[in-house]
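Step one of this worksheet: look at the structure below.
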Amino acid sequence: MEIVILSRKASLHSTRRLREAAKQRGHEVRVVNPLRCYMNINADAPHVLYKHERLHPDAVIPRIGASITFYGTAVVRQFEMMGVFSIAESQAIARSRDKLRSLQLLSREGIGLPVTGFARSTRDVDDVIDLVGGTPLIIKLLEGTQGRGVVLAETKKAAQSVMGAFGQLDANILVQEFIKEAGGSDIRAFVVGGRVVAAMMRTAAPGEFRSNLHRGGTAQQVKLSADERRTAIRSAKAMGLAVAGVDMLRAERGPVVMEVNSSPGLQGIEGATGLDVAGEIIEYIENHVAPKSRKKGSAK
């Protein structure tokens, strides 16, 4: 089978692991920078080109970073128009990257969420603070990733100041309740094909409230409750993602979902669990795509 990994850098850990897993299972695999792809958009034979060569693999694995979501999803969408299988549909990637939209979709499905407020006018700051239960509270930039653009405001005055500053920058922000009982830890459940294949608990570094591994957090394998497992699977399904990293907090009322990631990293989850998550992703592709050579053979 021919597999293309859409990634800006072949040296990135997750990209390397996916490439290794695909090769170990006997597939042809190529890493392609989506920003170097260009497209011929027409009704008869739409195609994607890369360095003067037409690409038409059996499957693509999008590793589209947040900073290139618009162009990256356009490339994925072009492959979809060509009938190429993608483990993450372009619409699902765009949906998950919009924090507000994703929370609205999860809310519609009745999935547990932290109480969240969203407003445009800085004149509504006090009402939004009250809406989420007062301070302490979390303030998030809609465009932030890997813990960037996330602030813990411990007092009302601090919250007013931060929200006012973001408002001056014309930034879109979410305000969320602070789940104190989570104790600075969260859970990343890795979903592949409608089942949780691995899960880890991430704990924030001393003096830090964000548990992201990029910010010095630590991770260990964790056993999920049945409710947490169901929540992760339902969340991925609500986003339309076959492969997803679902981030949850353990609240007193049950699991609450913070985010659904369409390009979850592999280093942390594989390191914490010792599981071959990359292999699970390749196996999912094998179960859903017939290689072109096999298709030709079956047509004879």
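Derivation of every value follows stated rules applied to the coordinates shown; laboratory data play no part. Remember, predicted model here, so these are calculated numbers, not experimental data. All Cβ positions, glycine included, derive from the backbone under ideal geometry; neighbour counts span all protein chains shown.
Modelled this way, with points 7 Å down the Cα-to-C-beta line, the labels at ASN172 and LEU152 are 2.7 nm from one another.
Where does the charge balance sit around ARG202 when Lys and Arg score +1, Asp and Glu -1, over other residues with C-beta under 9 Å from its C-beta? For residues surrounding ARG202, the net value is -1. Using only side-chain charges placed at the Cβ, +1 for Lys and Arg and -1 for Asp and Glu, the dipole size of region 181-262 relative to its Cα centre rounds to 280 debye. The residue list THR203, ILE187, MET239 was ranked by how far each Cα lies along the charge dipole of region 181-262 toward its positive end, using unit charges on Cβ atoms, and MET239 comes out on top. Checking the Cα-Cα distances for LYS156/LYS237; LYS9/LYS237; LYS99/LYS180; LYS180/LYS223; LYS140/LYS223 against a 27 Å cut-off, the pairs over it are LYS156/LYS237; LYS9/LYS237; LYS140/LYS223.
Placing pseudo-labels 7 Å out from each Cα toward the beta carbon at LYS23 and GLN91 gives an inter-label distance of 3.7 nm. Phi angles of region 243-255 translate, via the Karplus equation with coefficients 6.51, -1.76, 1.60 and θ = phi - 60°, into HN-Hα couplings of 10, 7, x, 9, 9, 10, 10, 8, 9, 4, 8, x, x Hz per residue; Gly and Pro are given as x. Taking 0.36 nm per residue of separation and subtracting the Cα-Cα distance, full extension of the segment from ASN40 to THR218 would add 59.6 nm.
For region 48-181, the C-alpha radius of gyration divided by 2.2 N^0.38 Å, with N the number of residues, is 1.34.
Relative to the longest principal axis of the Cα atoms of the chain, the long axis of helix 99-108 makes an angle of roughly 90 degrees.
Separation of region 70-133 and region 225-244 by C-alpha centroid, Å? Comparing the Cα centres of region 70-133 and region 225-244, I get a distance of 15 Å. Put a plus charge on the Cβ of each Lys and Arg, a minus charge on the Cβ of each Asp and Glu, and nothing anywhere else: the dipole of region 101-191 about its Cα centre is then about 180 debye. Taking amide hydrogens as placed 1.01 Å from N in the peptide plane, the amide H of LEU113 sits under 5 Å from those of VAL257, each at least 5 positions away in sequence or on another chain. The value obtained for region 2-88, namely the Cα convex hull volume divided by the number of residues, is 89 Å³ per residue.
Overall, the chain carries a charge dipole of about 880 debye about its Cα centre when +1 sits on the Cβ of Lys and Arg and -1 on the Cβ of Asp and Glu, all other atoms neutral.
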